[in-house]
Amino acid sequence: MPSQATMSLFAELKRRNVFRIGIAYLIVAWLLMQVAALAVPALRLPDWVTTFVVFILLLGFPVALLLAWAYEITPDGIKKAKEVPLEKSVSNLTAKKLNYLVIGLLVISVGLLLADKFGSDRNLPGTATAQLDAEPSLAVLPFTNMSADPGQEHFADGLTEELLNALASIDGLRLVSRTSSFSFKGENIPLAEIAAQLGVEHILEGSVRRAGNQIRVTAQLIEADSDSHLWSQTYDRELSVSNVIEVQEDVATAVTAVLHASLRPADQRSLRLKGPASIEALDQYHEGMTHLQKIMLGEVDFEDRSVFEAAVRAFEASIEIDREWAPSHAGLGRVHHFWKHINEEEQLRISREHVMDAIRLDDRYGPAYASLGYLESLAGNYQEAFDAYDRATALGAGNNWGRAILLSELARYDQAVSEYRKAVAWMPLSLAVKRQMMNALYCADQTSELEAVAREMVGLVQDSAGPRSMLAYALARNGKKDEALRLADEVAANDGNELGIVRVLAVAGREERARAAIHSVNDGTWWWTRVPAAVILGDTNVAVDILELAERESRAGLTEVRCPPEIRTLAGNPRFDALLLRLNLPE
């Protein structure tokens, strides 16, 4: 039971309004911290300002309590509490005023909390902050070569790519690929338009000047909608590998801080890039990557071996200078597996050798694991391929495209669609990825999204029959049969036959036209449209007949027989099940 002295102290604390002052102080302190949290980033102040505000408010709390105990507000001004006789004290009136103050502050605080809760759920147009809390998005445009020597272009491109690779490993930061961002190189397009095409909110751009033994790197982070500069910095350094890497790390760290992306200990380690032994090795590597990117983008004639040979020479020269640097080995490995048509067995052997060398030298180099995933999938080692892709993803290598292709080959179409969505976000301008995603949506029987993606593809590739016939099919499946038939008739008129639209005819109820198209040929051609149409019409035997003809004729693409959702309904048919067994498809 509390003693009389304790009770007396409690009563005196209450009489002098110490508790009310304490509660009011805490509420005001909380409100001030909310203001600081908003004002500091808005005014581009350093993060330590917020910490300083919190520290001062914490120090002020006991001071406020001591002042409340020691002093009293009277009609004659502030006086020491011990000098005010009890009969003249107005602490009870002060208490009432403090009660009203506390209630008012509580109302304001609750209002702020509700506004934060319900306002944060809305994606307000024209504001990047709503998106930042979820996942800030960024495109790194190719840094401009400001050197007098145009031959230094590969150095500027290489610095940009390594910076992008470092940022890609940051958790909570969505980037687009080099392939997409570099497509704007040399183009005079407003940043807001570039950001819209890439589906990002922020742009990082800059320039590189290399003169003699000095480099100057300028970088700036821009909010695309407002065209406002969130951060910029110029770095003047003596030319050396360590200084180049230091600049890349500094830029990546600064951008991460400005965008409020979470920087985990693992992320901090990933930013500590390891460079080669010399600038000469780095130069050769960057030159090799310039040629490799042309190969990856399909910008070269595969009958012309000059680009392939130039890439090999550059990577081999980099390795000769520094045999212990992983990226050069990984780059050489990628060149060989992209050029595997020369001598597939030998090229894949060389590719695997260099990819494994890269992993041995640096087991945190993500691109090497992405290449290993591709090599394992070609070898039929599917679990090993997934393991490699998982490792590459964890290291920020952005390999979802390879994983999506593998999942499609294994007929795991729903999972493939999920990976294609990520691949499209990573490579938003890649028609190849979008086309494959469209096909995966068809295989997964996700017709609502298929309609949207196919419509986009028709806008991007207007003269292509594939997206147009796929859009017509999706429209028919989604109940928009009149629009589907109008589009299908246009496709058929351009093709000169109805084999490409026979599925649309079957779904739309044009049975006579559909059957005429199915039987317009007597072999296994067009099996991927004719068989689904036959199944829709209920002509199961006709469907299996066409598949068996295609098998005997060794029709290309029969390995994808599990894709069309209509064909999968044939499971249980003895002839169809036997055909699947003979094909021995991977699972």
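Within region 501-515, can one find any residue that is closer than 27 Å to GLU553 by Cα and surrounded by fewer than 23 Cβ atoms within 10 Å (Cβ to Cβ)?
Residues of region 501-515 that are closer than 27 Å to GLU553 by Cα, as a first pass: 501-506, 513-515.
Retained after the next criterion (residues that are surrounded by fewer than 23 Cβ atoms within 10 Å (Cβ to Cβ)): 513, 515.
Checked region 501-515: at least one residue is closer than 27 Å to GLU553 by Cα and surrounded by fewer than 23 Cβ atoms within 10 Å (Cβ to Cβ).
I'm told THR144 meets every condition in (1) closer than 25 Å to TRP401 by Cβ; (2) modelled with pLDDT of 85 or more except one. Can you identify the failing condition by its number?
Going through the list (1) closer than 25 Å to TRP401 by Cβ; (2) modelled with pLDDT of 85 or more, THR144 breaks only (1).
Could you please give the count of residues in region 388-405 that are part of a helix (DSSP H, G or I) and either among the small types (Gly, Ala, Ser) or modelled with pLDDT of 95 or more (or both)? Don't jump to the end; show me each part of the working.
Quick first cut of region 388-405, residues part of a helix (DSSP H, G or I) only: 388-394, 400-405.
Remaining after also requiring either among the small types (Gly, Ala, Ser) or modelled with pLDDT of 95 or more (or both): 388, 392, 394, 402, 404.
The number of residues fulfilling the criteria is 5.
Go through region 320-353 and report how many residues are open to solvent by less than 30 Å² (accessible area, probe 1.4 Å) and in contact with a His (Cβ under 6 Å, 6 or more places away or on another chain). Can you show your working first?
Looking only at region 320-353, we keep the residues that are open to solvent by less than 30 Å² (accessible area, probe 1.4 Å), and these are 322, 325-333, 335-337, 339, 347, 351.
Next cut, in contact with a His (Cβ under 6 Å, 6 or more places away or on another chain) only: 329, 332-333, 347, 351.
So the answer is 5.
Please go through region 521-558 and give me each residue that is loosely packed, with under 14 Cβ neighbours inside 10 Å, modelled with pLDDT under 95 and in a loop (DSSP other than H, G, I, E, B), ordered by number. Show your work before the answer.
Residues of region 521-558 loosely packed, with under 14 Cβ neighbours inside 10 Å: 522-523, 538, 541, 552-554, 556-557.
From what's left, modelled with pLDDT under 95: 522-523, 552-554, 556-557.
The answer is ASN522, ASP523, GLU553, SER554, ALA556, GLY557.
Tell me, which helices (runs of 4 or more DSSP H) lie completely within region 139-230 with 2 or more residues that are within 21 Å of ALA370 (Cβ to Cβ), open to solvent by less than 10 Å² (accessible area, probe 1.4 Å) and without any contact (Cβ under 8 Å) to a residue 60 or more places away in the chain?
153-168
Using the structure shown, decide if ASP357 is among the charged types (D, E, K, R), modelled with pLDDT under 95 and closer than 17 Å to ALA326 by Cα.
Details: among the charged types (D, E, K, R): yes; modelled with pLDDT under 95: no; closer than 17 Å to ALA326 by Cα: yes.
Criteria not met by ASP357.
What's the number of the only condition in (1) open to solvent by less than 20 Å² (accessible area, probe 1.4 Å); (2) modelled with pLDDT under 90 that ARG269 fails to meet?
Here ARG269 clears every test but (1).
How about region 432-497: which helices (runs of 4 or more DSSP H) wholly inside it have at least 3 residues that are of a type outside the set (Gly, Ala, Ser), open to solvent by 50 Å² or more (accessible area, probe 1.4 Å) and more than 19 Å from ILE536 (Cβ to Cβ)?
Here the list reads 447-460, 481-495.
From the residues in region 360-387 that are of a type outside the set (Lys, Arg) and not in a helix (DSSP H, G or I), which one is surrounded by the fewest Cβ atoms within 10 Å (Cβ to Cβ)?
Start the filter on region 360-387 by keeping residues that are of a type outside the set (Lys, Arg), which leaves 361-363, 365-387.
Of the ones still in play, those that are also not in a helix (DSSP H, G or I) are 362-363, 365, 379-381.
Numbers: ASP362: 17, ASP363: 12, TYR365: 22, ALA379: 12, GLY380: 9, ASN381: 15.
Filtering region 360-387 for residues that are of a type outside the set (Lys, Arg) and not in a helix (DSSP H, G or I), the one surrounded by the fewest Cβ atoms within 10 Å (Cβ to Cβ) comes out as GLY380.
Based on what the data block shows, is ALA252 modelled with pLDDT under 85 and in contact with a Leu (Cβ under 6 Å, 6 or more places away or on another chain)? Full working, then the answer.
Numbers: modelled with pLDDT under 85: no; in contact with a Leu (Cβ under 6 Å, 6 or more places away or on another chain): yes.
For ALA252, the condition - modelled with pLDDT under 85 and in contact with a Leu (Cβ under 6 Å, 6 or more places away or on another chain) - is not met.
The values are calculated or read from the model by the stated rules, or taken from the named source; none is laboratory data. Owing to the predicted nature of the structure, the values given are computational and were not obtained by experimental measurement. All Cβ positions, glycine included, derive from the backbone under ideal geometry; neighbour counts span all protein chains shown. Only protein heavy atoms, including side chains, enter the accessible area calculation; ligands, DNA and RNA are left aside. Shrake-Rupley method; radii C 1.70, N 1.55, O 1.52, S 1.80 Å.
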